[in-house]
Amino acid sequence: METKPKKRIAIISTGGTIAGSGRMGEAATYRAGTLSVESILSSVSSIQELADLEVFSVCSKDSNDITEEDLFRIKVKAEELEQDDRFDGIVITHGTDTLEETAFFLNLVLNVSKPIVMTGAMRPATATSADGPMNLYQAVALAANPKAEKMGVLAVLSDTIYSGRDLTKVNSIKTDAFEVGDPGPIGYMQDDKAYLIHAPYRRHTIYSRFAIEQIPRLARVEIYYVHAQSDPDLLAYMLETYDGVIIAGSGSGNYSQEIREVIENYTGPALIVRTSRLLEGAAFESPVFDPLKKTIPAHRLSPHKARILTQLALSYGVPREEMLALFREY
């Protein structure tokens with residue numbers, strides 16, 4: 001019998017807890033991005049049975065320090081690997097704190113159809129029962145699976161397959177730290193077997209209008225967080241300072257009368273996007289909070305994901321009249 005040739009998977013490493021180290025056995029105190037991915041691979045001998053692996057280091061950081069330049073370096077490397085016939089899939093290792101932001105950004109800008117899977121860890125590599133090795137093992141298995149082609153950026157953590165658009169970190173303690181809310185996961189992993197349930201519906205990667213050449217810079221967009229007695233002067237300052245402001249509103253993207261007055265009196269060029277600060281929140285057009293339609297509702301996108309889509313939209317010159325449709329499509 002002929003044996004199928006082994007898949008070849010590229011691993012783009014960026015640091016994070018999965019490559020972190022601390023006092024042997026402990027999980028709470030450590031430094032992220034201090035170890036190489038190769039050292040983690042060496043602890044999972046069976047991973048070599050899944051695929052031949054090659055590691056490409058883009059950076060080695062705590063994910064809170066990931067920069068715009070790092071994001072575009074990941075994009076460039078992933079698209080180089082897309083064109084390299086030696087590789088069948090791509091895995092990206094990343095810190096979990098901002099993994100969902102990088103996943104969403106890459107899901108919007110990558111011109112990649114090969115399987116591309118992100119993963120990370122909640123415990124450093126030196127902790128007892130570190131979760132990184134298993135997450136990496138399953139990410140490689142999924143990246144080697146042709147069923148993951150053209151599905152956009154996926155993420156594998158704690159035996160679960162997530163869409164790069166929908167996953168959200170919801171816990172800072174447990175290893176099972178991610179959720180997607182109502183949309184549900186893409187599927188599940190059992191060891192190296194992938195059980196896919198459905199495909200991502202929203203536009204991504206090769207289907208995205210942003211999967212083109214790198215742009216010179218991203219627009220400057222910040223988040224204004226609404227709470228009881230939020231300072232309206234801070235919002236006014238942000239509108240005068242940034243290219244766009246994301247309002248993380250209460251409830252369905254709501255805010256006080258004072259904040260509404262700032263929005264209605266603003267006549268400058270900054271784009272204002274309304275989101276909900278709730279984990280399961282959504283913001284739609286509102287005749288009560290935005291009767292003059294001065295804001296763009298972000299629907300189900302979280303404030304930090306809405307910020308990324310707004311940055312890209314402004315940087316690529318998407319007209320304001322297309323913004324409503326943009327948040328429905330992506």
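Accessible area per residue for the chain is 46 Å², calculated with a 1.4 Å probe on protein heavy atoms, without ligands, DNA or RNA. Here, P(r) means the percent of Cα pairs in each 5 Å bin from 0 to the largest distance; for segment 73-209 it is 2, 11, 22, 25, 21, 12, 5, 1, 0.
Sorting D97, D62 on solvent-accessible area from highest to lowest, probe radius 1.4 Å, gives D97, D62. Taking every protein chain into account, the 1.4 Å probe leaves T275 with about 0 Å² of accessible area, to the nearest ten.
Along each principal axis, taking the top coordinate minus the bottom one, the Cα set of the chain gives 71, 41, 35 Å in descending order. Hey, with R₀ at 35 Å, roughly what FRET efficiency would Y316 and Y266 work out to, going by the Cβ-Cβ distance, to 0.05? Once rounded, the FRET efficiency stands at 0.90.
Per atom type, segment 10-146 shows carbon and sulfur on 44% of its accessible surface, probed at 1.4 Å.
So what is the relative contact order of the chain, in percent, for Cα pairs below 8 Å that sit 6 or more residues apart? Could the numbers behind the result be given before it?
Values: 733 pairs, mean separation 45.9, N = 330.
Worked out over the chain, it gives 14 percent.
Once R0 is set to 30 Å, what does the formula 1/(1 + (r/R0)^6) return for the Cβ-Cβ distance between R31 and H304, expressed as a FRET efficiency to the nearest 0.05?
So, using R0 = 30 Å, E works out to roughly 0.80.
All C-alpha to C-alpha distances of segment 217-295, sorted into 10 Å bins beginning at zero, yield P(r) values of 20, 57, 22, 1 percent in whole numbers. Based on C-alpha pairs under 8 angstrom that are at least 6 apart in sequence, segment 180-330 has a relative contact order of 22 percent. The Cβ shell under 11 Å around H299 holds other residues with a net charge of +3, Lys and Arg each +1, Asp and Glu each -1. Number of Lys-Lys pairs in segment 55-186 with C-alpha atoms under 28 Å apart and a separation of 8 or more places or on different chains: 18. For segment 304-330 versus segment 201-227, the inter-centroid distance based on Cα atoms is 7 Å.
Counted residue by residue at 0.36 nm each, then reduced by the alpha carbon distance between them, the extension gain from Q190 to V288 reaches 30.5 nm. Model label sites at E49 and E240, defined 7 Å from Cα along the beta-carbon direction, differ in position by 6.6 nm.
Heavy-atom accessible area with a 1.4 Å probe sorts S208, S42, S36, largest first, into S42, S36, S208.
A simple spin-label model places the labels of E258 and N171 3.8 nm from each other, with each point 7 Å out along Cα-to-Cβ. In the context of the full protein assembly, H227 retains an accessible surface of approximately 100 Å², using a probe radius of 1.4 Å and ignoring ligands and nucleic acids.
The 1.4 Å probe gives accessible areas that order F289, F178, largest first, as F289, F178. The helix-based estimate of mean residue ellipticity at 222 nm for the chain, built from -39,500 (n - 2.57) per DSSP H run of four or more residues and divided by its residue count, is -7500 deg cm²/dmol to the nearest 500.
Rounded to the nearest 20, the size of the Cβ-charge dipole of segment 133-238 about its Cα centre is 400 debye, with Lys and Arg at +1 and Asp and Glu at -1.
The values are calculated or read from the model by the stated rules, or taken from the named source; none is laboratory data. Just so you know, these numbers come straight off a predicted model, no measurement behind them. No Cβ is skipped: glycine too gets one built from the backbone with ideal geometry, and neighbour counts run over all protein chains shown. Accessible surface areas use protein heavy atoms only, side chains included; no ligands, DNA or RNA. Shrake-Rupley method; radii C 1.70, N 1.55, O 1.52, S 1.80 Å.
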